[in-house]
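Contents: one structure, followed by commentary.
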Amino acid sequence: MRNFILFLLGLCICQNINSQVLLQENFQTSGAVPTVLPAGWFTNLVFQNQTFNEGPAFSVHNSASANNGGYWPVPELSIGNHFAGVNDDGEPCDCDNIDAWLQTPGFELTQYSYEEVWGIINYSPVVDTWIDSQFLGDGPEIISEFYGTPGLQWDSIYVGFDVSPNGLPVNVDILGNFFQLYEPGYINLSALGITDYMYIYLWTGNGELMQNVFAEVYGIYETGEILTDTIPANPGDLGAEVVDLIATQVADNYTLSFNYYHDANYGGGDATVQVSADGGITWNILDILSIDQDVWQTKIVSLSAYLGQYVMIRFQWSDNGAWASGFAVDNVVVREGLMNDLIAIKAKASDWNSSTFGFGYWEYSQVPLTQASP
């Protein structure tokens, strides 16, 4: 009977328990593999030396399709699991994967909580008076025009004249509004809503001569406003409204986590995870990924240095110009970190009966209970 022991190494990432997820992808596409990447994900084209064509560096694989040439045995994270991988082994490669990359959709590393500020706001207009005085002359018919400042509204007009009783009433047309005057006096214009431009047309009914015709118009226009406020106010107060939003919390620690398989076999080169904050013009290396020929590894990288920026993530691998194996990525998540997040970063299964000790296989042994702690 063979006995196995499982060793787990754990890592705790302690952050906000109400964690916002900005990006999450496990590549669990349906249908045959290899297949194309999910929408929004990108990869570069590489030259396929076996078909003399260009093709995508990364595709969606499972363990069987990744090892279709027999030289890249990617372990299964779970039965039927899919992942994104660049394969330098089976058809249609050997490929020129000197710089193969897989790129995420872009996302913004910001999350704000807002507190509403209620207030009562009153606006009091500051107004001034516009006055235009004109001597209109003499005659049985007289017309004149008046211009004001933009936004001015005419309030009233005083019309003065000398005419015999036979010439009364004096007819007045102000921009299509008809009045009659039996003596010099004011005409109220405030209800007419006449703004800026206005004409006045006067005539006597029997052609009697008017003399010394005089017009003085008054208008009101706004020159500014006075703001009075009551802040804070209660939401139920009369006239209360939301007058401001104050950011009370901003996320201060986003993390990128992912699984990866990087065995660097047959001359393969480095694998890195990179970030760009300028739309992909430049890329900064966040981490150079370690090598393990037996297991998938887990990486958690802080993105706090890029808070408030729009970024993209890139997973990059090089075959170092050799006929190498490949590189795989899975379960990519960008989020605010969790308050308690325990994750297994490596697992090793060992045969207790194995005599090999130096390569991580430990001999089974017994400890007397008298030497064991409670």
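Structure values in brief
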{"item": "Kirkwood Rh in Å, taken over the stretch 71-124 so that all alpha-carbon pairs contribute", "result": "17.5"}
{"item": "The stretch 107-234 - convex hull of alpha carbons, volume per residue in Å³", "result": "161"}
{"item": "Per-pair calculated FRET efficiency, R0 = 56 Å: ALA64 and GLU145 via Cβ, rounded to 0.05", "result": "0.05"}
{"item": "Inter-site label distance for ASP229 and PHE107 at 7 Å from Cα along Cβ, in nm", "result": "3.6"}
{"item": "Calculated FRET value between ASP162 and GLU222, using beta carbons and R₀ = 35 Å, to 0.05", "result": "0.40"}
{"item": "Alpha carbon centroid spacing (whole Å) that separates the stretch 290-317 from the stretch 41-112", "result": "17"}
{"item": "Descending semi-axes in Å of the stretch 162-262, equivalent ellipsoid built from Cα gyration tensor", "result": "69, 19, 11"}
{"item": "Chymotrypsin sites (Phe, Trp or Tyr not before Pro) within the stretch 129-237: DSSP coil, no more than 14 neighbouring Cβ in 10 Å", "result": "TYR182"}
{"item": "For peptides 232-241, 253-262, sequence by mean Cβ density within 10 Å, most packed first", "result": "253-262, 232-241"}
{"item": "Heavy-atom accessible area ranking, 1.4 Å probe, most first, across SER164, SER302", "result": "SER302, SER164"}
{"item": "Candidate residues ILE143, ILE281: accessible-area rank, largest first, probe 1.4 Å", "result": "ILE281, ILE143"}
{"item": "Simple spin-label estimate for SER78 and GLN371 in nanometres, 7 Å along Cα-Cβ", "result": "4.2"}
{"item": "Contact order normalised by residue count of the stretch 166-277, Cα under 8 Å, 6+ apart, percent", "result": "21"}
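The values are calculated or read from the model by the stated rules, or taken from the named source; none is laboratory data. Everything numeric in this text was worked out from a predicted model, so none of it was measured. Positions of Cβ are backbone-derived with ideal geometry, glycine not excepted, and every protein chain shown enters the neighbour counts. Ligands, DNA and RNA are stripped out before the accessible areas are found, and what is left, the full protein with its side chains, is counted by its heavy atoms. Shrake-Rupley method; radii C 1.70, N 1.55, O 1.52, S 1.80 Å.
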